[in-house]
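Shown next, in structure tokens, is the structure this report addresses.
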Amino acid sequence: FFAIEHSGVTPDLVTVAKSLAAGFPLSAVVGRAEVMDAPAPGGLGGTYAGNPVACAAGLAVMDVMRDERLPERAARIGSVIEERMRTWAAEHELVGDVRVMGAMAGVELVRDRKTKTPADTETARVLTLARERGLLLLRSGMHHNVIRTLMPLNIPDEQLMEGLDILGSALAEVAGVPARSARSSKR
């Protein structure tokens, strides 16, 4: 359910927000009983705490996550993305690293795999080509050379594959290699 569960660490406190209430203002602090029980009564809270509409939205989000098995869907999406990105890494020296957790992934572009020199200009070019082909992407990292993907968990499989095809073709063009669609190469 939480990314921290993949790290082998048991945190004292976890803060959650953003998509917790599907856009409604809601956040939470979750922690071990010893930590949460430490403040005196009234020591935890805020002036905006307990908004009933936001709390109802949060409960509805939790129901949807459980009922639609969204953590499992995130893992399946991540597997598809990782397989495709690892294929790109095998095909293009421009790909320096691939990082995936659930449906969030990053492909790091480098000019040289040994020195890990960031390929920031090339990354910008991949994003431009992808945008021209209908796919909006985000670059991140200290050197702006990581293309990060994080799509909604309800994305149709066909749309996911289309987006990966666009990213793959843009990457291949910048790398100077003819693009191959993963779908067409399996035929």
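Only one residue in Gly23, Gly45 is under 24 Å from Pro152 (Cα atoms) and surrounded by fewer than 12 Cβ atoms within 10 Å (Cβ to Cβ). Which one?
Gly23
For Gly8, state whether it is surrounded by 11 or more Cβ atoms within 10 Å (Cβ to Cβ), part of a loop (DSSP other than H, G, I, E, B) and under 23 Å from the mean Cα position of the chain (by Cα).
Taking the combined requirement at face value, the residue does not satisfy it.
When Leu20 is evaluated against the numbered criteria (1) of a type in the set (A, V, I, L, M); (2) out of contact with any strand residue (DSSP E or B) (no Cβ under 8 Å at 6 or more places or on another chain); (3) not in a loop (DSSP other than H, G, I, E, B), which criterion, by number, is the only one it fails?
(2)
Does region 25-44 contain any residue that is touching a helix residue (DSSP H, G or I) at 6+ places or on another chain (Cβ under 9 Å) and closer than 20 Å to Gly102 by Cβ?
Kept after step one, since they are touching a helix residue (DSSP H, G or I) at 6+ places or on another chain (Cβ under 9 Å), are these residues of region 25-44: 25-30, 44.
Filter once more, so that each one left must be closer than 20 Å to Gly102 by Cβ: 28, 30.
Among the residues of region 25-44, at least one is touching a helix residue (DSSP H, G or I) at 6+ places or on another chain (Cβ under 9 Å) and closer than 20 Å to Gly102 by Cβ, which makes the answer yes.
For region 84-97, check the following and say yes or no: at least one residue is in the same structural domain as Val16 (by TED's automatic domain parsing) and polar (S, T, N, Q). Give the derivation first.
The initial filter retains those residues of region 84-97 that are in the same structural domain as Val16 (by TED's automatic domain parsing), namely none.
No, region 84-97 contains no residue that is in the same structural domain as Val16 (by TED's automatic domain parsing) and polar (S, T, N, Q).
Given the conditions (1) more than 22 Å from Met104 (Cβ to Cβ); (2) in contact (Cβ under 8 Å) with a residue 12 or more places away in the chain; (3) out of contact with any helix residue (DSSP H, G or I) (no Cβ under 7 Å at 6 or more places or on another chain); (4) surrounded by 13 or more Cβ atoms within 10 Å (Cβ to Cβ), and given that Val16 satisfies all but one, which numbered condition is not satisfied?
That leaves (1) as the condition not met.
Does region 65-117 hold any residues that are over 25 Å from Ser7 (Cα atoms), among the polar types (S, T, N, Q) and part of a helix (DSSP H, G or I), and which are they?
Matches in region 65-117: Thr87 only.
Among the residues of region 45-67, are any farther than 30 Å from Glu173 by Cα, of a type outside the set (Phe, Trp, Tyr) and in contact (Cβ under 8 Å) with a residue 60 or more places away in the chain?
For region 45-67, residues farther than 30 Å from Glu173 by Cα, of a type outside the set (Phe, Trp, Tyr) and in contact (Cβ under 8 Å) with a residue 60 or more places away in the chain: present.
Which one is nearest to the chain's Cα centre (by Cα), of the residues in region 69-111 that are under 13 Å from Leu153 (Cβ atoms) and free of Cβ contacts under 8 Å to residues at least 12 places away in the same chain?
Looking at residues that are under 13 Å from Leu153 (Cβ atoms) and free of Cβ contacts under 8 Å to residues at least 12 places away in the same chain, I get Arg76.
Kindly indicate whether any position in region 64-74 is under 25 Å from Leu137 (Cβ atoms), in contact with a helix residue (DSSP H, G or I) (Cβ under 6 Å, 6 or more places away or on another chain) and basic (Lys, Arg).
Looking through region 64-74, none of the residues is under 25 Å from Leu137 (Cβ atoms), in contact with a helix residue (DSSP H, G or I) (Cβ under 6 Å, 6 or more places away or on another chain) and basic (Lys, Arg).
Can you find a residue in region 135-157 that is exposed (fewer than 15 other Cβ atoms within 10 Å of the Cβ), at pLDDT below 95 and either part of a helix (DSSP H, G or I) or of a type in the set (Gly, Ala, Ser) (or both)?
Checked against the condition, which is being exposed (fewer than 15 other Cβ atoms within 10 Å of the Cβ), at pLDDT below 95 and either part of a helix (DSSP H, G or I) or of a type in the set (Gly, Ala, Ser) (or both), region 135-157 yields no hits at all.
Specify which of the listed residues (Val110, Val80, Val100, Val95) is in contact with a Phe, Trp or Tyr (Cβ under 7 Å, 6 or more places away or on another chain) and either of a type outside the set (S, T, N, Q) or buried (at least 16 other Cβ atoms within 10 Å of the Cβ) (or both).
Numbers: Val110 fails: in contact with a Phe, Trp or Tyr (Cβ under 7 Å, 6 or more places away or on another chain); Val80 fails: in contact with a Phe, Trp or Tyr (Cβ under 7 Å, 6 or more places away or on another chain); Val100 fails: in contact with a Phe, Trp or Tyr (Cβ under 7 Å, 6 or more places away or on another chain).
Within the list Val110, Val80, Val100, Val95, the selection yields Val95.
The values are calculated or read from the model by the stated rules, or taken from the named source; none is laboratory data. Note that the structure is predicted; figures quoted are calculated from it, not measured. Cβ: placed from backbone, ideal geometry, glycine included. Neighbour counts: every protein chain shown.
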